[in-house]
Amino acid sequence: MADSRWGRFGVLRHSALVRFLTARLAATLAAQILTVAVGWQVYAITGNPLDLGLIGLSQFLPFVLLILPAGHVADRYRRSRIVTLCYATEALCAALLLVFTLRGVTAAWPVFAVMLLMGAARAFSMPAGQALLPNLVPAELFSRAVALNSSVFQIATVVGPALGGLLYLAGAQAAYTAVGVLALIGVVLMRGVRTRATERFSTEPASLATLLSGLRFVRSKPIVFGAISLDLFAVLFGGATAMLPVYASDILQVGPAGLGLLRTAPGIGASLCAVVLALHPLSRRVGAWMFGGVALFGMAIVVFGLTTHFGVALAALIVLGAADMVSVYVRHLLVQLQTPDEIRGRVSAVSAVFIGASNELGDFRSGVMASWLGAVRAVVIGGFATLAVTGIWMRLFPALWRMDRFPQPVQPRAARSA
């Protein structure tokens, strides 16, 4: 009854969720500021767009190696503590980058080394954070919690890059100091997160079979597998964020502040879309909404790649962010609703491999193609490839394309046996 009096905002009555979302806001702001600072600093040092792709690759390598064990850890140990340790590692990375900057770093490899550590922390935080969210609110409020979680992330992607660009005007050291402070705020907040009684821990010993159990589960669910793999290839081919420093510096000529705005633009679109989804969750034709979002994502990339006008570039990136938000929302709900809590960490790890790794590989792909063909051709080809993937996946996964409503959440094993 109390939640009904709060209306659509009743989910915010749960203090653990509020602490989690606030901590995630601080840590994501830190990561966004760091991304802007590292990209601009590395490009200023080397002037080579390939090195921008290597930033993504340096995060991808530890991520892909550690993500499956990280999923098993998320099912064995308290997820809130895992996230806390990851935020503390983010603060350590900021401190290392600050030291390198103050000592006048003249090569990119120390930055790549720190980004390896960031990739390792991200490998553990993604499955733990995704699996933790259903343990913070009742099942009937989960769809709104997902939308709010996405809203918080997107708010950080709106504010963080712009703030990072402004901070970088005062020097890389100012940006890295802010990153460290925000990460420590996330640590303090996460230490106060208490989960509901529904959290269940796996007692299975670590083995190859248990590490791969999440992958087997996803593969056994064609709709979930189709949604995750669609996002993977769309972002892999359509990833253009690594080229934003090139566009800001050489094509649009708007400097570091303009780079911050370019990184902010997708978050603006995604934030607006996430707020709408939080107030009015999707309930019908969810498959068509997902495919439509991916197709619009690809078209926005093509427009961004071809334009030389700063305003058009910002508008294209805003549309891109809104379209991507629809796909993220549908995929996340499908994965969490269909997964029992005792393997949710491992399944979230598989989702993170498909989705999170595609971001870094997409950056690497665009960096390599840009070094061969130029930044514009690399971005435009990626956008058309995303449109092709959308059409192919509609044929490969017709059940996902025709899906009308979300499935009912899977009940815990104890509840099913009762």
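Every number here is computed from the coordinates shown, using simple stated rules; none is lab data. Values in this document were obtained by computation on a predicted structure and should not be read as measured data. Cβ atoms come from the backbone with ideal geometry, glycine included; neighbour counts cover every protein chain shown.
Tabulated values for the structure
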| item | result |
| --- | --- |
| Viscosity 1.567 mPa s, 4 °C: Kirkwood-radius Stokes-Einstein D of segment 322-380 over Cα pairs, µm²/s | 96 |
| Net charge of Cβ neighbours under 13 Å - reference residue 34; Lys, Arg +1; Asp, Glu -1 | +1 |
| Evaluated at q = 0.06, 0.13 Å⁻¹: base-10 log I(q)/I(0), Debye formula over Cα of the chain | -0.22, -1.12 |
| Under 5 Å, built H, 5+ apart or other chain: amide partners of residue 252 | none |
| Gained length - residue 191 relative to residue 371, 0.36 nm times residue gap less alpha-carbon distance | 60.4 nm |
| Reciprocal of mean inverse Cα separation for segment 214-293 (Kirkwood radius, Å) | 15.5 |
| J(HN,Hα) series, segment 48-55, from Karplus relation 6.51 cos²θ - 1.76 cosθ + 1.60, nearest Hz, glycine and proline x | 10, x, 4, 5, 5, x, 5, 4 |
| If the convex hull is drawn through the Cα atoms of segment 95-193, its volume per residue in Å³ | 105 |
| Dipole of the chain, positive direction: furthest Cα of 20, 294, 159, with charges on the beta-carbon | 20 |
| Gyration tensor (Cα) of segment 199-357, equivalent ellipsoid semi-axes in angstrom | 34, 18, 13 |
| Cα pair distances exceeding 25 angstrom across segment 7-112, given as percent | 37 |
| Fraction of alpha-carbon pairs over 13 Å apart in segment 143-189 - percent | 65 |
| Size-normalised alpha-carbon gyration radius of segment 48-162, reference 2.2 N^0.38 Å | 1.23 |
| The chain - mean residue ellipticity at 222 nm from DSSP helices (-39,500 (n - 2.57) per run, n ≥ 4, rounded to 500) | -27000 deg cm²/dmol |
| Karplus-derived HN-Hα couplings along segment 340-348 (A = 6.51, B = -1.76, C = 1.60, θ = phi - 60°), whole Hz, x at Gly and Pro | x, 4, 5, 10, 5, x, 5, 5, 4 |
| Order of 35, 307 under a 10 Å beta carbon neighbour criterion, fewest first | 307, 35 |
